[in-house]
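A.B. asks: Got a structure for you, written out below as structure tokens; questions coming shortly.
Read-outs: derived from the displayed coordinates by stated rules, not from any lab. Nothing here was measured: the structure is a model prediction, and the numbers come from that model. Counting neighbours? That spans all protein chains shown, and the Cβs are built from the backbone with ideal geometry, glycine included.
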Amino acid sequence: MQELQDFQVKPVTLETWMDLEALFESRGGPKYCWCMAWRQMEQRSSATNADRKQALHGQLLSGKPIGLIGYADGQPVAWCSLAPRSTFLPLRDNQTDEPDVWSVTCFFIRRDYRGKGLSGQMLVAAVEHAKLNGAKALEGYPVDPESPSYRFMGFLPLFEQHGFREVARAGTRRHVFRLDYQ
């Protein structure tokens, strides 16, 4: 698999929000969930797509990190949900309060850019970004490649290849992989 050479990753900010909108609203994009499946939001059960989009934007407006966006040839093509674990709903069984732990909960790569190693590049950027922002550890919740669900959370080999180690389980399908910063 050849990685793209002209690939850049930036945090989603008020300045890059429009790029995230373009990516999510593109054909095949996750405009149905707006990456709110694991994030805290009011009236979750009755929320519409527009409500979820507004809730994610609201988190950004309140100063909470929400993730990273990847660009190829200047176009938004990749997303990685990344934030302090405390900003999400519980992500693992018997979760303890660790304020300096961040979580990666979702990857989305535009269909025409899949198979080019972008999930790995996004994970590398997530590791760097979380550390620069004070994280003591980064967790991911990948599944086996054959899993019929939660595939958006990444696959075990991705996290293994980037130095994460399994520390727990989250339900029956999701594994908890962690990278502690030294």
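A.B. asks: I want to check a number: in segment 7-180, how many lysine pairs have alpha carbons closer than 23 Å, given a sequence separation of 8 or more or different chains?
C.D. replies: Summing the qualifying lysine pairs gives 12.
A.B. asks: Got a sec? Charge dipole of the chain, +1 on Cβ for Lys and Arg, -1 for Asp and Glu; which of V124, I69, I109 is way out at the positive end?
C.D. replies: I109
A.B. asks: Another one. Give the Debye-formula value of log10 I(q)/I(0) at each listed q (0.09, 0.13, 0.15 Å⁻¹), with one equal scatterer per alpha carbon of the chain, two decimals each.
C.D. replies: Those come out to -0.29, -0.62, -0.85, one per q.
A.B. asks: A further question follows. Taking 0.36 nm per residue of sequence separation and subtracting the Cα-Cα distance, how much length would be gained by fully extending the chain between T87 and L14, in nm to one decimal?
C.D. replies: Details: separation 73, 0.36 × 73 = 26.28 nm, distance 1.85 nm.
Difference between extended and current length: 24.4 nm.
A.B. asks: Now a separate question. With each pseudo-label sitting 7 Å past Cα toward Cβ, what's the K31-Q182 distance in nm, one decimal?
C.D. replies: Between K31 and Q182, the simple spin-label model gives 4.7 nm.
A.B. asks: Oh, and also: Among N49, N133, N94, which one moves the most in a GNM of the chain with springs linking Cα atoms closer than 10 Å?
C.D. replies: Result for the chain, Cα springs under 10 Å: N94 fluctuates most.
A.B. asks: So which DSSP H runs in the chain come out at 20 Å plus along the axis (Cα) with average Kyte-Doolittle of at least 0.5?
C.D. replies: Working: long enough: 118-132 (21 Å, 0.79).
Helix filter hits for the chain: 118-132.
A.B. asks: What is the distance, in nm, between label points placed 7 Å from the Cα along the Cα-to-Cβ direction at E146 and at E98?
C.D. replies: Simple spin-label model gives 3.0 nm for this pair.
A.B. asks: Sticking with this structure for a sec: Just need the relative contact order of segment 121-160 here, percent rounded to a whole number, with Cα pairs under 8 Å and 6+ apart.
C.D. replies: Details: 25 pairs, mean separation 11.1, N = 40.
Once divided by the residue count of segment 121-160, the mean separation gives 28 percent.
A.B. asks: Relative to the present Cα-Cα distance, how much length would full extension add between Q161 and K131 at 0.36 nm per residue of separation?
C.D. replies: Values: separation 30, 0.36 × 30 = 10.80 nm, distance 1.83 nm.
Between Q161 and K131, full extension yields an extra 9.0 nm.
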